Amino acid sequence: MSNIIQVEGLNKSYGKKVVLDNVSFSIEEGSIVGLLGPNGCGKTTLIKILTGLIKDHNGMVRIDNEEPGVHTKSIVAFLPDKSYLPDWMKPTDAISYFADFYEDFDKDKAISMVTEFGLDPHQRLKTMSKGQQEKLSLILVMCRRAKLYILDEPLGGLDPAARSAILDLIMNNYAKDASVLISTHLINDVERIFDRVLMISQGKVIVNSHVDEIREKGKTVEEVFKEVFSYAW
């Protein structure tokens, strides 16, 4: 099986502060991977490099065998950790915007899912709760037929009751044979869907394992996370 992501010797610094230090890993096509680590470990910087938002780095980064650019942006569906939709928009406006911008966007599916998840299609975003806005943003991303979905903290503003429904949304709606990279700190809620986990500490990849390998040792992903990052608290 080929790799959708290939990273070798990736380095990124802000001034004298090293954020990513000789990071290397690959992600196979069709896999769901958890990107885990405490705040400030380099996760968001890595995601911004993968999505082409940060270009001044050293090392090799390939998405679908190409450097981040026009092609990779056409096949990557990216959910940032903060909403980028203007407050005046309503779900109907956002859906039309995505339909105009992305050829692989399923407009009918998005309209159906907005109703399914209890959102008012005519309510302005500025009057929605953070959780409602996050649901809408995730619906928009998951209604693309992408090869790679990159989700940065998709459950951050949701209550525990909503997280299971959102995980089901992710699992039931991403394109077949696509890959998913999820950055999250809510490991207990999400680890059931992971095939592999990457744990980053102080800019370095310190765990790169299949979840089955972790479970064969009688541990959960959350237990390994707590052992590895005990210094953080």
| request: Could you compute the FRET efficiency for Glu213 and Glu28, with r as their C-beta to C-beta distance and R0 at 22 Å, rounded to 0.05? | output: 0.90
| remark: 1/(1 + (r/R0)^6) with r = Cβ-Cβ of Lys82 and Gln202, R0 = 25 Å, i.e. FRET efficiency to nearest 0.05, evaluates to 0.55
| query | Peptides 21-34, 120-133: what's the order by average Cβ count within 10 Å, highest mean first? | reply | 21-34, 120-133
| note | In the chain the accessible area split gives carbon plus sulfur, as whole percent at 1.4 Å, a share of 46
| message | Students often check this: by mean Cβ neighbours within 10 Å, which of 84-92, 138-146 ranks highest, and how do the rest follow? | response | 138-146, 84-92
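Just how large is the dipole of the chain about the Cα centre, in debye to the nearest 20, putting +1 at every Lys and Arg Cβ and -1 at every Asp and Glu Cβ?
In debye, rounded to 20, the chain gives about 600.
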| Based on Cα positions only, what radius of gyration and what Dmax would you give for the chain, in angstroms? | 17.6, 51
| What accessible area per residue comes out for the stretch 1-148, rounded to a whole number of Å², with a 1.4 Å probe? | 50
| Around Asp104: net Lys/Arg minus Asp/Glu count, Cβ-Cβ under 12 Å | +4
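Between beta-carbons, use under 11 Å as the cut-off and find the net charge around Lys90, counting Lys and Arg +1, Asp and Glu -1.
-1
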| For Glu213, net neighbour charge (Lys/Arg +1, Asp/Glu -1) across residues whose Cβ lies under 13 Å away | +1
| query | If you take the beta carbon distance between Val228 and Asp21 as r and set R0 to 22 Å, what does 1/(1 + (r/R0)^6) give as a FRET efficiency, to the nearest 0.05? | reply | 0.85
| request: Could you calculate the contour length gain from Glu67 to Asp93, that is, 0.36 nm times the residue separation minus the distance between their Cα atoms, to one decimal place in nm? | output: 6.2 nm
| note | Calculated from DSSP helices alone, with each H run of at least 4 adding -39500 (n - 2.57) and the total divided by the residues of the chain, [θ]222 nm to the nearest 500 comes to -9500 deg cm²/dmol
| query | Dividing the Cα radius of gyration by the Kirkwood radius, what Rg/Rh value follows for the stretch 23-136? | reply | 1.01
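The values are calculated or read from the model by the stated rules, or taken from the named source; none is laboratory data. Everything numeric here is computed off the predicted structure, so don't read it as measured data. No Cβ is skipped: glycine too gets one built from the backbone with ideal geometry, and neighbour counts run over all protein chains shown. Remember, those area values only see protein heavy atoms, side chains included, never the ligands or the DNA or RNA. Shrake-Rupley method; radii C 1.70, N 1.55, O 1.52, S 1.80 Å.
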